[in-house]
């Protein structure tokens, strides 16, 4: 090897001395930075995972609150007609008053606690808490209410004023529609039952072949005994709903200008309505309306022509005694008793123009030998079936103030009110057809950015 080549190799070696150490140090710094970044990222990922878990749990608990509140609406549908804002004590009190009436001062079973539902956090099986923030019922022309519920799996964070830690808000739209009482049809709907021991329904073995609805929280077996007074315990039930009011009576048709006496309405022993020459209500082909001073057909019979619907608006009392018979399709005859004093609902005084008298149907007497095919609605009336006999009683439905003992009712061992499966609710006036609220499945679900927002 030449001297020149050896000299060049030596120079090359000398020129790289001292380079390895800086490179090694640089690589070490880079590795350290990468390690610190991975540690920080791992901590962020862990925090994000915890936050995501909290949000998921909060949403899950809020959905439990939605489900329970929807179940509450199912049990007390008219509550869905009342607004609620957890910041507004008047609206909170309206819910409290309704619920306390509806459940007679107790709780709605496993659904929700009345004391907790208002402006309080409701625990969910040791997993968290939910709270109803607001509810907007359907407005005019609307069919859905809007419910807002928040949920958290860490109530301490809420109490420490750190709600963003785990609080999640869910908003849903719940359809609340007016509908016929299909599935909960009351064959007998009364505000109260008469005191026991007077030979009334509960004191005897009179039976209702249909559902019974009452506002009376004090109803006991002495007033109404389900085992004795319902014809089929598996099919029918006693519904106690003190917050559910009677629907308003239908208006007297405006074309009626005078009231008929019973003899003017039915002058013969066997009366058939509509009478020859009677005109149907304006705009209807087969509905005939009559205003009568009172209704007393004695031992006579009244029938409705096939295909016709007859509505009798009564100013005074109703006496269907002896062998009185009202024949026709199940609810082709409808009897409405005046409520001029506003008992159990808005005052509806069946008086013609210029008549200032206040009318009230306070008595409805039916004998055990009578056959009455009719729908009877007299919210101020006291009524009952008096005596045994072979009569069918009421073949239809009766909605009244009080089911009473003598002289209105007495003991008998038979069905005194029968709601047939052929009962056609669509034949009733629209105010009665849609007298019940029905809760339908949720139609929309969304999260709310502001947990304590109460309205749109």
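Is one or more of the residues making up region 263-272 part of a strand (DSSP E or B), within 29 Å of the chain's Cα centre (by Cα) and assigned by TED's automatic domain parsing to the domain that holds residue 366?
Scanning region 263-272, I find no residue that is part of a strand (DSSP E or B), within 29 Å of the chain's Cα centre (by Cα) and assigned by TED's automatic domain parsing to the domain that holds residue 366, so the answer is no.
Yes/no per residue for (1) in the same structural domain as residue 379 (by TED's automatic domain parsing); (2) surrounded by fewer than 24 Cβ atoms within 10 Å (Cβ to Cβ); (3) modelled with pLDDT under 90:
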| site | (1), (2), (3) |
| --- | --- |
| 294 | yes, yes, no |
| 313 | yes, no, no |
| 321 | yes, yes, yes |
| 326 | yes, no, yes |
| 331 | yes, no, yes |
| 365 | yes, yes, yes |
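Residue 290 - would you say it is out of contact with any helix residue (DSSP H, G or I) (no Cβ under 7 Å at 6 or more places or on another chain) and in contact (Cβ under 8 Å) with a residue 12 or more places away in the chain?
It is false that residue 290 is out of contact with any helix residue (DSSP H, G or I) (no Cβ under 7 Å at 6 or more places or on another chain) and in contact (Cβ under 8 Å) with a residue 12 or more places away in the chain.
Given the structure, is residue 385 assigned by TED's automatic domain parsing to the domain that holds residue 414, part of a strand (DSSP E or B), closer than 19 Å to residue 260 by Cβ and out of contact with any helix residue (DSSP H, G or I) (no Cβ under 7 Å at 6 or more places or on another chain)?
Taking the combined requirement at face value, the residue does not satisfy it.
Which residue pairs have Cβ atoms closer than 7 Å, lie 6 or more positions apart in sequence or on different chains, and pair a first residue in region 109-133 that is more than 17 Å from residue 66 (Cβ to Cβ) with a second residue that is modelled with pLDDT under 60?
114/107
Those residues that are in a strand (DSSP E or B) and within 22 Å of residue 278 (Cβ to Cβ), I need them from region 303-319; list them, please.
Hits for region 303-319 are 303, 304, 309, 310, 311, 312, 313, 314, 318.
Residue-wise test of (1) surrounded by 18 or more Cβ atoms within 10 Å (Cβ to Cβ); (2) within 18 Å of residue 238 (Cα to Cα); (3) in contact (Cβ under 8 Å) with a residue 60 or more places away in the chain.
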{"position": "379", "(1), (2), (3)": "yes, no, yes"}
{"position": "385", "(1), (2), (3)": "yes, no, yes"}
{"position": "390", "(1), (2), (3)": "no, no, no"}
{"position": "399", "(1), (2), (3)": "yes, yes, yes"}
{"position": "402", "(1), (2), (3)": "yes, yes, yes"}
{"position": "416", "(1), (2), (3)": "yes, yes, yes"}
{"position": "430", "(1), (2), (3)": "no, no, no"}
{"position": "442", "(1), (2), (3)": "no, no, yes"}
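Restricting attention to region 234-248, which residues are in contact with a strand residue (DSSP E or B) (Cβ under 7 Å, 6 or more places away or on another chain) and either surrounded by fewer than 16 Cβ atoms within 10 Å (Cβ to Cβ) or outside any strand (DSSP E or B) (or both)?
236, 237, 239, 241, 246, 248
Restricting attention to region 251-262, report how many residues are part of a loop (DSSP other than H, G, I, E, B) and touching a strand residue (DSSP E or B) at 6+ places or on another chain (Cβ under 6 Å).
So the answer is 4.
Scanning region 84-126 for residues that are modelled with pLDDT of 65 or more and loosely packed, with under 12 Cβ neighbours inside 10 Å, which turns out farthest from residue 245 (Cα to Cα)?
126
The values are calculated or read from the model by the stated rules, or taken from the named source; none is laboratory data. Note that the structure is a prediction, hence the values are computed from the model and not measured. When we count neighbours, we look across all protein chains shown, and the Cβ atoms used for this are built from the backbone with ideal geometry, even at glycine.
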